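Novice: Pasting in a structure now, in structure tokens, and then I'll have a few things to ask.
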Amino acid sequence: MNVSRFLVRRLLLVVPLLVFITFFTFMLTRLGGGDAAALISGPNSTAAELDMIRAELGLDKSLLAQFWIYISGAVQGDLGVSWVNKRPVLTDLIERLPITLELLFWGVGLGALIGIPVGLRAARDHNQRFDQVVRFFSLLGFSIPTYFLGLVMILVFFYFLGWSPPAMGRISLMITPPPAVTNSYLIDGLIAARWEVVQSAFSQLILPVIAMAIIAAAPIIKQTRAIAMDVLSSEYVRTSEASGLSRRVIQSIVARNSMTPIITFIGTELTALIGTASVLEFIFAWGGMGQYGLQAIIQGDFSAVQGYVLALALFSVIVFVVIDLVVVLIEPRANMSA
């Protein structure tokens, strides 16, 4: 089976999966006990006002009819209007997605750059001092709650040491943002040659990216170590050692044969950590899609919640498809008929 047919088969699974997730989220928000009309109109609204709002939003129809209206609009790119800020949900998500991706990819990328070589060396030095230290710090990284780590970093590096700027967004309040091209102040500042913007955006990135990298590196180290130890115990590695190959060559063999499961794991980790990014965005006032989703949940903004969950599902599906494609391209023995 060629790569194009493999991709088509993978993409054919996306549509029913997204429909199921959308249906589940839609029913969960509708049956969660909150009255959207009451949230919009306020505590002093009359029964007539509530009925008018329900009719305007289609909430007076059956749940299946409401879902059909929603899914019909979603297919055409209409995810509804936020009941809080009165803006189209799709517009909000498109504007905020690059902001979340900036934090996510920088953090997970840094975590992978640290976690993969550290995990490979820990496997090589199994049960030695380096391995024991790595396992301790990896366990520590697993154990620290995300919100606690973010708040402690702000307390230490901003309040006590004064090394970082205040956690008040992605750029200093004293600097005018550059023209929006990618919605990343760092990249847009480079495009516009606004070096004060680049410096401010970079300084604001440091703490949340380090926090994300710490959280991402812990499982990557643990999984890389476990994968590399399995490879080290394999027949072909033992044969290579018996054949007198150098330690450097054997390490190269182990790294190459460990890379496919490591890449697969990092892809899975990327989708899982988007929830972590939401918490960090809230703490650092980042203004991305994660903060948008959390605020929508707190405020009972059903349209925004549904759009947020659908965007997360679509992001996860895209990541898994890309990871499958990468694995197929770098590993010819991969079974593309799966």
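The values are calculated or read from the model by the stated rules, or taken from the named source; none is laboratory data. Worth saying up front: this structure is predicted, and the values here are computed from it rather than measured. Heads up, the Cβs are rebuilt from the backbone with ideal geometry, glycines too, and the neighbour counts pull from every protein chain shown.
Novice: Does Gly42 satisfy being modelled with pLDDT of 85 or more and not aromatic (Phe, Trp, Tyr)? Steps first, please.
Specialist: Numbers: modelled with pLDDT of 85 or more: no; not aromatic (Phe, Trp, Tyr): yes.
For Gly42, the condition - modelled with pLDDT of 85 or more and not aromatic (Phe, Trp, Tyr) - is not met.
Novice: Please note which helices (runs of 4 or more DSSP H) are completely contained in segment 208-303 and include at least 2 residues that are in contact with a Leu (Cβ under 9 Å, 6 or more places away or on another chain), among the aliphatic types (A, V, I, L, M) and within 13 Å of Gly107 (Cβ to Cβ). First the steps, then the outcome.
Specialist: Details: elements: 235-242, 247-283, 289-299.
It comes to 247-283.
Novice: Counting only residues that are surrounded by fewer than 17 Cβ atoms within 10 Å (Cβ to Cβ) and at pLDDT 90 or above, which one in segment 144-158 is farthest from Gln204 (Cα to Cα)?
Specialist: Step one: list which residues in segment 144-158 are surrounded by fewer than 17 Cβ atoms within 10 Å (Cβ to Cβ), which gives 144-145, 147-148, 151-152, 155-156, 158.
Keeping just the survivors that are at pLDDT 90 or above gives 148, 151-152, 155-156, 158.
Numbers: Phe148: 19, Leu151: 15, Val152: 16, Leu155: 15, Val156: 15, Phe158: 11 Å.
Checking each candidate, the answer is Phe148.
Novice: What are the residues in segment 50-70 that are part of a helix (DSSP H, G or I) and more than 19 Å from Asp301 (Cβ to Cβ), if any? Even if it seems obvious, please write down each step before you answer.
Specialist: First pass over segment 50-70, keeping only residues part of a helix (DSSP H, G or I): 50-57, 63-70.
If the condition is that a residue be part of a helix (DSSP H, G or I) and more than 19 Å from Asp301 (Cβ to Cβ), then Asp51, Met52, Ala55, Leu64, Ala65, Trp68 are the ones that fit.
Novice: A further question follows. Within segment 72-108, restricting attention to residues that are in contact with a Ser or Thr (Cβ under 9 Å, 6 or more places away or on another chain), of a type outside the set (Phe, Trp, Tyr) and farther than 29 Å from Gln204 by Cα, which residue is surrounded by the fewest Cβ atoms within 10 Å (Cβ to Cβ)?
Specialist: Going through the qualifying residues, I end up with Asp78.
Novice: How about segment 144-173: which of its residues are under 21 Å from Pro219 (Cα atoms) and of a type in the set (Gly, Ala, Ser)?
Specialist: Once the filter is applied, which keeps residues that are under 21 Å from Pro219 (Cα atoms) and of a type in the set (Gly, Ala, Ser), segment 144-173 yields only Gly150.
Novice: Restricting attention to segment 71-110, report how many residues are part of a helix (DSSP H, G or I), of a type outside the set (A, V, I, L, M, F, W, C) and under 28 Å from Arg170 (Cα atoms).
Specialist: Going residue by residue through segment 71-110, those that are part of a helix (DSSP H, G or I) are 71-75, 89-110.
Pick out the ones that are also of a type outside the set (A, V, I, L, M, F, W, C) and you get 72-73, 91-92, 95-96, 98, 100, 102, 107, 109.
Still in the running and under 28 Å from Arg170 (Cα atoms): 91-92, 95-96, 98, 100, 102, 107, 109.
The qualifying residues number 9.
Novice: Could you pull out the residue among Leu139, Leu173 that is assigned to a helix (DSSP H, G or I) and at pLDDT below 90? Full working, then the answer.
Specialist: On the way: Leu173 fails: assigned to a helix (DSSP H, G or I).
Going through Leu139, Leu173 in turn, just one is assigned to a helix (DSSP H, G or I) and at pLDDT below 90: Leu139.
Novice: Hey, another quick one. Could you tell me which numbered condition Phe302 fails, if it satisfies all but one of (1) among the hydrophobic types (A, V, I, L, M, F, W, C); (2) crowded, with 19+ Cβ neighbours inside 10 Å; (3) modelled with pLDDT of 85 or more?
Specialist: Only one criterion in (1) among the hydrophobic types (A, V, I, L, M, F, W, C); (2) crowded, with 19+ Cβ neighbours inside 10 Å; (3) modelled with pLDDT of 85 or more is unmet by Phe302, namely (3).
Novice: All but one of (1) surrounded by fewer than 19 Cβ atoms within 10 Å (Cβ to Cβ); (2) of a type in the set (A, V, I, L, M); (3) modelled with pLDDT of 85 or more hold for Leu270; which doesn't?
Specialist: Only one criterion in (1) surrounded by fewer than 19 Cβ atoms within 10 Å (Cβ to Cβ); (2) of a type in the set (A, V, I, L, M); (3) modelled with pLDDT of 85 or more is unmet by Leu270, namely (1).
Novice: Looking only at segment 180-200, filter to residues that are in a helix (DSSP H, G or I) and charged (D, E, K, R); which one of those is farthest from Asp92 (Cα to Cα)?
Specialist: Taking segment 180-200 first, the residues in a helix (DSSP H, G or I) are 185-191, 195-200.
Subset that is charged (D, E, K, R): 188, 196.
Numbers: Asp188: 19, Glu196: 27 Å.
Restricting to residues being in a helix (DSSP H, G or I) and charged (D, E, K, R), the top hit is Glu196.
Novice: A further question follows. Please work out which one of (1) within 13 Å of the chain's Cα centre (by Cα); (2) more than 20 Å from Leu11 (Cα to Cα) is the condition Val317 fails and give its number.
Specialist: Here Val317 clears every test but (2).
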